[in-house]
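Participant: Following this message is one structure expressed as structure tokens.
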Amino acid sequence: MEGRLGRILLILVPYLWLLVFFLVPFVIVFKISFSETAIAMPPYLPVFDLSEGWEAFKAAFARLSFDNYAWLTEDDLYIRSYLSSLWIASVSTIITLMVGYPIAYGMARAPTAWRPTLLMLVILPFWTSFLIRVYAWIGILKKEGLLNLALISLGVIDEPLTILNTNTAVYIGIVYSYLPFMVLPLYSALEKLDGSLLEAAQDLGCTPIKAFWVVTVPLSLPGIVAGCFLVFIPAVGEFVIPDLLGGSETLMIGKTLWVEFFSNRDWPVSSAVAVLLLLVLIVPIVLFQMHQQRQQEREAG
């Protein structure tokens, strides 16, 4: 009995956490998304007010309006923000995979005694504030920054490059910031690979490169999928990196959302933007969960 109660409590804690810190805030934002903009504090007129009773709630539900969601389809700014965010997040995820896979592969192939140190070096950036790390890239990427000085000193370029306040700077910031999220699941998958499989492939006539593509890559696919989702999902709604490193033409939904909330003070529309952003992100999250479940079933079988 005590063991069963302990299991119930163990499961209940994370569900309560999700209820308090995810579901309740989402319901509040969802409710605001159906409200009307007003010059007040807070700057909206609520449609639903449970304090007025159930009859008032049913009357409000009957006159429910989707004007705020319709507005998102009428103004191409929001559509372009969503599409631009998906594009930037997708490209950043691909670049992060291309950079992170060799790092994870090298860590997995390194001597066993070195692996904890290499793993610590990957995790080390998390010991510093995310904001400070992004700010540091301003000093690196600006015209008189370290990168341009190094390239000019080496004779690679004659005049400074304009990198800061461009989409290129945003790609660099996202790849740098989320690289550990790609490396760690890849390293976990690659470390478990049986080296005898590669030897068997080579004995059957495969070159090292072909053995890598037909054995290593397919077996590391769970790490690739997990790493890509861990990078793509937060990158779509990123705000700090495009705000600090991007320019005026850098359009991402996180930045648009911030402007609507704090500059335009249009809470109903910005809440509708947030709800649709969550729905956009639910698709990869559900796909990731389905993949994880299939992987666990295969391992259990």
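Participant: Leu161 fails exactly one of the following numbered conditions: (1) touching a residue at least 12 places away in the same chain (Cβ under 8 Å); (2) closer than 30 Å to Leu251 by Cα; (3) assigned to a helix (DSSP H, G or I). What is the number of that condition?
Facilitator: It is condition (3) that Leu161 fails.
Participant: Is the stretch 276-283 home to any residue that is of a type in the set (Val, Ile, Thr) and at pLDDT below 80?
Facilitator: Yes - at least one qualifying residue is present in the stretch 276-283.
Participant: Please state which one of Thr96, Thr117 is among the polar types (S, T, N, Q), in a helix (DSSP H, G or I) and touching a Cys at 6+ places or on another chain (Cβ under 9 Å).
Facilitator: Sole residue among the options that is among the polar types (S, T, N, Q), in a helix (DSSP H, G or I) and touching a Cys at 6+ places or on another chain (Cβ under 9 Å): Thr96.
Participant: For the stretch 1-39, enumerate the residues that are more than 25 Å from the chain's Cα centre (by Cα) and hydroxyl-bearing (Ser, Thr, Tyr).
Facilitator: Ser35, Thr37
Participant: For Glu238, indicate whether it is within 15 Å of Ser85 (Cβ to Cβ), acidic (Asp, Glu) and buried (at least 16 other Cβ atoms within 10 Å of the Cβ).
Facilitator: Answer is yes for this residue.
Participant: Return the residue satisfying two criteria in turn: it lies in the stretch 217-233 and is over 13 Å from Gly173 (Cα atoms) and under 14 Å from the mean Cα position of the chain (by Cα), and of such residues it is surrounded by the fewest Cβ atoms within 10 Å (Cβ to Cβ).
Facilitator: Applying the filter and picking the extreme gives Val225.
Participant: Would the stretch 128-148 turn up any residue that is surrounded by 15 or more Cβ atoms within 10 Å (Cβ to Cβ), closer than 30 Å to Gln295 by Cβ, modelled with pLDDT of 90 or more and out of contact with any Gly (no Cβ under 7 Å at 6 or more places or on another chain)?
Facilitator: No, that holds for no residue.
Participant: Name the one entry in Pro208, Pro268 that is at pLDDT below 90 and touching a strand residue (DSSP E or B) at 6+ places or on another chain (Cβ under 7 Å).
Facilitator: Result: Pro268 is the single residue among Pro208, Pro268 that is at pLDDT below 90 and touching a strand residue (DSSP E or B) at 6+ places or on another chain (Cβ under 7 Å).
Participant: Take residues that are in contact (Cβ under 8 Å) with a residue 12 or more places away in the chain and either within 26 Å of Gln296 (Cα to Cα) or touching a helix residue (DSSP H, G or I) at 6+ places or on another chain (Cβ under 6 Å) (or both) and tell me which of the helices (runs of 4 or more DSSP H) falling wholly in the stretch 170-277 contain 3 or more.
Facilitator: The helices (runs of 4 or more DSSP H) meeting that bar are 195-203, 221-236, 240-245, 253-258.
Participant: For the stretch 32-45, indicate whether the set of residues that are assigned to a helix (DSSP H, G or I) and either out of contact with any helix residue (DSSP H, G or I) (no Cβ under 6 Å at 6 or more places or on another chain) or modelled with pLDDT of 80 or more (or both) is non-empty.
Facilitator: yes
Participant: May I pose another question? For Leu77, are the conditions met, namely being in a helix (DSSP H, G or I) and more than 17 Å from the chain's Cα centre (by Cα)?
Facilitator: Answer is yes for this residue.
The values are calculated or read from the model by the stated rules, or taken from the named source; none is laboratory data. Note that the structure is predicted; figures quoted are calculated from it, not measured. With ideal geometry, Cβ positions are generated from the backbone for all residues, glycine too; neighbour counts draw on all protein chains shown.
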